[in-house]
Amino acid sequence: MGDHEKHRIMMVSDFFYPNVGGVENHVYYLSQCLLKLGHKVVVVTHAYGNRSGVRYMTGGLKVYYIPWRPFFNQSTFPTLIGMLPIIRTILIRERITLVHGHQTFSTLSHHALLNSRIMGYKVVFTDHSLNGFGDVGSIHMNKVLQFTLADVSQAICVSHTSKENTVLRSGLSAEKVFVIPNAVDTEMFKPAFEPPSRSSEIVIVVISRLVYRKGADLLVEVIPELCRLCPNVRFVIGGDGPKRVLLEEMREHNSLQDRVEMLGAVPHAQVRSVLISGHIFLNSSLTEAFCIAILEAASCGLLTVSTRVGGVPEVLPDDMIVLAEPNPADMVRAIQKAITMLPKIDPQVMHNRMKELYNWHDVARRTEIVYARALKCPHQDLLEHLSRHLSCGAWAGKLFCFVMIMSFLLWHLLELWQPADDIEEVPDLIFQTSMMERRGLKKEKKMTDDGEFGTSFF
């Protein structure tokens, strides 16, 4: 099967637009670039508020917002085989040839990969995050990942650190795991025409979810100390989360209202306008497989200061980032070092380097190679699936086999109740992007395939 063969791909994740984040951006931009390469791509995610049904986005990207509400942390409730009827119908209607799931914490992704494997589809999984080994939650997620990846066709990680973490957690063969980093839309994230002056004050920008994993507690200790040592430093903090109250209390306690600006949640379309108002971007994450926010900041010409965790050291060259250990004293030292480096930073030069280092079209072409490898994998019958899952543990292996058998039986029951030949295939719609832009349709447009799909399926 040639590498240039056109595929019909189903992207699956609980994390997608209108939610905003690294996984959401990755799925969206990768899908857009695959469409431009001539592949058919549909995205499957859960409903967001009243956003349910079928919608088309820029470039003709088709999105199925299935009527399943998020249960915890934007992930759907784990039903093991409850998603099979919907997933099967979409696979048949869209004539899908390959399923691509994203993110360990997405239960919808795990459901889709499990159900697709049972039906004989080739599956690819992309892991976007790091996970530990010691706490109860990590042990549980690692066992789920081991179940999902037991007979996955191929896997992708966004950094070498992430690959090592995924292989250790899942027991997957390293030969099946590819490293394809994230990228950034450099046309969207450009430096300001007139960069802010450094003579009067230094502006440090933080854009992050204000949660423990993103190091919000570190910021509470770093900001007062740096403001005491550097009178000309001002902070702009964008983002929301449970730790926001700690930052507001810190600002109130230290009387820093005029030096710490809290913006709250920042829409992705406005991230650039916040970034170009500053000189330094600060990332305080405690764990990170690959931080897209760092790429966006560097593309806007900001010098980055970040904690030395996970895959962050792999993201930028040494002259574009200052790394620090995840403790307040070392972070303050790193920020002071970055301030002394600012006179040597040319935002436009940094932006041009980012255009050469990262682009989504390169990510899409490398992903095509993974798809071609996945489609060459030999077909496996039920007994081969069961033998792989049986090796996942004395008790867990038997449980995984039971789930696979139940899914297999339900699939055959559905084949009797509603044969594949009775499910109408959807005609492909070809969108002329230039025409859409001229008509002002760059925003998503709600529509259905035919007059009945919205009511008959959902």
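Per-residue Karplus couplings for the range 166-183, computed as 6.51 cos²θ - 1.76 cosθ + 1.60 with θ equal to phi - 60°, are listed in order as 5, 4, 5, 6, 9, x, 6, 5, 4, 5, 8, 10, 9, 10, 10, x, 5, 9 Hz, Gly and Pro entered as x. Model label sites at TRP395 and GLN418, defined 7 Å from Cα along the beta-carbon direction, differ in position by 3.7 nm. Of all beta bridges DSSP finds with both residues in the range 133-247, what is the antiparallel percent, to the nearest 5? Counting DSSP beta bridges with both partners in the range 133-247, the antiparallel share is about 0 percent.
Taking amide H atoms as placed 1.01 Å from N in the peptide plane, the amide H of VAL260 lies under 5 Å from those of PHE235, each 5 or more residues away in sequence or on another chain. What residues of the range 91-126 lie in the reach of a label at GLN380, counting those whose backbone N is under 12 Å from a point 7 Å from the Cα along Cα→Cβ? Only 114, 117-124 pass the distance filter. Distance between the pseudo-spin-label points of TYR212 and ASP330 (7 Å out from Cα toward the beta carbon): 2.1 nm. Calculated FRET efficiency, ILE405 to GLU249, Cβ-Cβ distance, R0 = 51 Å: about 0.45 to the nearest 0.05. One chain, two ends: ARG308 and GLU164. Fully extended at 0.36 nm per residue, the span grows by 50.2 nm beyond their Cα-Cα distance. Give the shape of the range 68-165 as rounded, prolate or oblate, defined through the alpha-carbon gyration tensor: a ≥ b ≥ c are the square roots of its eigenvalues, a/c under 1.5 means rounded, and otherwise the shape is prolate if a/b is larger than b/c and oblate if not. Judged from the Cα gyration tensor, the range 68-165 comes out oblate (a/c at least 1.5, b/c at or above a/b).
Protection proxy ranking of 36-47, 148-159, 182-193, by the mean of other Cβ atoms within 10 Å over each peptide's residues and highest first, is 148-159, 36-47, 182-193.
Taking θ as phi - 60° and the Karplus parameters 6.51, -1.76 and 1.60, the scalar couplings of the range 16-21 work out to 7, 3, x, 5, 10, x Hz in sequence order, x denoting glycine and proline. Here's how it looks for ASN283: its modeled amide H is under 5 Å from those of VAL305, SER306, THR307, which are all 5 or more places away or on a different chain.
For the range 44-110, what proportion of DSSP beta bridges, expressed in % and rounded to the nearest 5, is antiparallel? It would help to have the intermediate numbers written out before the result.
Working: 8 of 11 bridges.
Percent antiparallel among DSSP bridges in the range 44-110 is about 75.
Each of VAL363, PHE133, GLN257 was scored by the projection of its Cα onto the charge dipole of the chain, and the greatest displacement toward the positive side belongs to VAL363; charges sit on the C-beta of Lys, Arg, Asp and Glu. How would you classify the range 142-243 from its alpha-carbon gyration tensor, with a ≥ b ≥ c the square roots of the eigenvalues: rounded for a/c under 1.5, else prolate if a/b is greater than b/c, otherwise oblate? The shape class here is prolate.
The phi torsions of the range 40-50, fed into the Karplus equation with coefficients 6.51, -1.76 and 1.60 and a -60° offset, translate into couplings of 8, 10, 10, 10, 10, 9, 8, 5, 10, x, 8 Hz, rounded to whole numbers, with Gly and Pro shown as x.
DSSP beta bridges fully contained in the range 238-377 are about 0 percent antiparallel. Dividing the Cα radius of gyration of the chain by its Kirkwood radius returns 0.99 for Rg/Rh. At full extension, HIS268 and ASP362 could sit 31.6 nm farther apart than now, given 0.36 nm per residue minus the alpha carbon distance.
Ranking PHE178, PHE147 from most to least accessible surface, computed with a 1.4 Å probe over the protein chains only, gives PHE178, PHE147.
Note on the range 323-370 and the range 183-241: Cα centroid distance 14 Å, given to the nearest whole angstrom.
At a Förster distance of 30 Å, what's the computed FRET efficiency of ALA192 paired with ASN73, Cβ-Cβ distance as r, to 0.05? Before the final figure, lay out the partial values.
Values: r = 35 Å, r/R0 = 1.17.
Using R0 = 30 Å, I get an efficiency of 0.30.
Taking amide H as placed 1.01 Å from N in the peptide plane, the amide H of VAL179 sits under 5 Å from that of CYS157, each at least 5 places away or on another chain. By definition, a body whose alpha carbon gyration tensor gives a ≥ b ≥ c is oblate when a/c is 1.5 or more and a/b is not larger than b/c, and the range 284-376 fits this oblate description.
Please state the charge dipole magnitude for the chain, taken about the Cα centre, from unit charges on C-beta atoms (+1 on K and R, -1 on D and E), reported in debye and rounded to the nearest 20.
Details: 47 positive and 47 negative charges, 52 e Å.
Computed about the Cα centre, the dipole is about 260 debye.
The values are calculated or read from the model by the stated rules, or taken from the named source; none is laboratory data. Nothing here was measured: the structure is a model prediction, and the numbers come from that model. No Cβ is skipped: glycine too gets one built from the backbone with ideal geometry, and neighbour counts run over all protein chains shown. When the accessible area is computed, the model is the full protein with side chains, heavy atoms only, and any ligands, DNA or RNA have been set aside. Shrake-Rupley method; radii C 1.70, N 1.55, O 1.52, S 1.80 Å.
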